[in-house]
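What follows is a set of notes on a single structure, which appears directly below.
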Amino acid sequence: QFHPQFTPNGKKLILKVDTRGYNPDELTVRLLDNNLLVQGKKRLYNSHNRHEQKQFSQSIRLPDGIDKFNVTSQVMEDGILVIDVP
């Protein structure tokens with residue numbers, strides 16, 4: 001689930017998503033119009049050599065006036081995905 005907050009000066013929206021259990025290469029962050037979509041997909045193999053999938057998808061509508069070309073994201077050491085939206 002998204003945990004949005006604005007910086008004190010109100011110039012940047014910071015979104016945090018708990019992605020613990022996923023590697024950065026198992027995550028996708030997309031911006032479609034003003035909708036931000038975060039997806040995670042992980043394949044798990046059990047002892048019988050069968051695989052299962054674990055996945056999630058979250059989206060949030062961003063406010064008008066964002067700088068779409070300078071949105072950045074990174075996974076922190078604690079597994080929290082941080083998305084900066086100027």
Estimated inter-spin distance, ARG30 and LYS42, nm [label 7 Å along Cα→Cβ]: 2.2 nm
Heavy-atom surface of the chain, accessible at 1.4 Å and reported per residue (Å²): 73 Å²
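May I ask you to derive the relative contact order of the chain, considering only C-alpha pairs under 8 Å and at least 6 residues apart, and to give it as an integer percent?
Values: 151 pairs, mean separation 26.8, N = 86.
That works out to 31 percent.
Could you work out the equivalent-ellipsoid semi-axes for the chain, taking the square root of 5 times each eigenvalue of the Cα gyration tensor, largest first, in whole Å?
The three semi-axes for the chain are 29, 13, 9 Å.
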Accessible area of the chain belonging to carbon and sulfur atoms, whole % at 1.4 Å probe: 45 percent
In Å², nearest 10: area of VAL71 left accessible to a 1.4 Å probe: 40 Å²
³J(HN,Hα), Karplus 6.51/-1.76/1.60, whole Hz, each residue of the range 17-32, x for Gly, Pro: 10, 6, 10, 4, x, 10, 7, x, 6, 9, 10, 10, 10, 10, 10, 10
Cα centroid separation - the range 1-32 against the range 42-66, whole Å: 14 Å
Dipole magnitude (debye, nearest 20) for the chain, charges at Cβ of Lys, Arg, Asp, Glu: 220 debye
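The values are calculated or read from the model by the stated rules, or taken from the named source; none is laboratory data. As the structure is a prediction and not an experimental result, all values here were calculated from the model. Don't worry about glycine lacking a Cβ; one is built from the backbone with ideal geometry, like all the others, and counts go over all protein chains shown. The area values use the complete protein model at the heavy-atom level, side chains included, leaving out ligands, DNA and RNA. Shrake-Rupley method; radii C 1.70, N 1.55, O 1.52, S 1.80 Å.
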